[in-house]
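Only one structure is covered here, and it is reproduced in the block below.
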Amino acid sequence: MRRLLVPVGLFLVIAALGLLFLPRDTYNPQRVTQRGSSMMQMENQVNAQAAALITTHWEGNAYAIPDDPELETDSKAPPLCEGSSLSTPRQVVDVPVATLWSQPNQARAMDHPALQNPAPIKSWLRTMSIPDKLWLVGKLETQVLLGTEVAVLGEQGDWVQVTVPDQATPKNENGYPGWVPKVQIAERTIAYDACPVAVVSKPTAWLYEDAVSDRPTEEISFNTKLPVLTAEGSRVGAVVREGEIRWVEKADVKIMEPSMPADQLTLQVTGGELVNTAKGFLDLPYLWSGTSGFGFDCSGFTYAIHRFHGIDIPRDAKDQARQGTAVALADVEPGDLLFYAYDKGKGKVHHVAMYIGDGKMIHSPRTERSIEIISIHTPSYAQEFAGARRYTAISI
């Protein structure tokens, strides 16, 4: 017994001496309490999930994330990303796709799924007949994707009026305006502006709870941008909501560098790349106001394709027709936009398509149809041709 007590006693003495020489901040409970604000707790929660951060290699304008994190051994490389507290919270979309209405409280009973959080947009679309979808014309303004920042202008009951800075329009200098259910907007107090960004490159992609689960939790749209914190196997872990990391297949996204000033970008986009991306949506049904991989209207389609490649253009067809570089029909190239107007091309612009070469165009025509490829000489369109535009300005 005496032989056992001696080493135990020595251990206790050493432990006690160690506590005496610890820095004051290490065990000061008052300091811990002072730092325990909700914002810090949230930030620590997210950063803890990224404890196994990997490093990256720069290739052109995108990050190459190793398939096996254990292969990355460069100890000098910086961590992939950490969040930082915002002095002023941001308001962001909290559902995969938020639909903006022209007025609050005009939705029908069948529109209920699109007004909730979660908002199962596919369930909503499946319930609507063609006449049901036609009813939406003039009542919906546009759509906004998960994580997109909005500016709140006002409230009315369960609705908020917002503008979308990412969607340029002469309707409002601060972005496209509309009304959205309050439950679909959330406050973000942590910024991930220094993080690489996963941009969904398929029409839609599934999110998962972890890197290996085969049970998806949520379906998100093409062009959704998520800050990347980590990677494992075939997936990357990204911030979906405040304090919430979900995993997405690397094959479903492209990983882009953190935001940079437009004058520092060297991104090169060809018309062929625009066309190839557009062709990935063939046969997708038209949706008035749509800007997502669940359904596009004509200008939402061209807007989304350009934005995916880092080219910002106005949201609506009539405004797209006023900007960019004018191109004669005889000189159009793949990726150029073709515009159509009432009064045999001399009136108000009402439609836009993308030229794909060989005398053909791809477009999202109208509610009764789906995205298709047709000849530019199709009579109903040829007689309304109002001009072509090419966009080369790049801004992410």
Kindly list, by first and then second residue, each pair from a residue in region 308-322 that is assigned by TED's automatic domain parsing to the domain that holds PHE296 to a residue that is part of a helix (DSSP H, G or I) and of a type in the set (Phe, Trp, Tyr), limited to pairs with Cβ atoms under 9 Å and residues at least 6 apart or on different chains. ASP312/TYR303; ILE313/TYR303; PRO314/TYR303; ARG315/TYR303; ASP316/TYR303; GLN320/TYR303
Number of the exception - LEU136 against (1) surrounded by fewer than 19 Cβ atoms within 10 Å (Cβ to Cβ); (2) more than 13 Å from the chain's Cα centre (by Cα); (3) part of a loop (DSSP other than H, G, I, E, B): (1)
Regarding region 357-364, can at least one residue be identified that is under 30 Å from SER123 (Cα atoms) and surrounded by 24 or more Cβ atoms within 10 Å (Cβ to Cβ)? yes
A careful count of residues in region 302-360 that are within 23 Å of LYS279 (Cβ to Cβ), part of a loop (DSSP other than H, G, I, E, B) and basic (Lys, Arg) gives 1
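The values are calculated or read from the model by the stated rules, or taken from the named source; none is laboratory data. For clarity, every value in this text was computed on a predicted model and none was experimentally measured. When we count neighbours, we look across all protein chains shown, and the Cβ atoms used for this are built from the backbone with ideal geometry, even at glycine.
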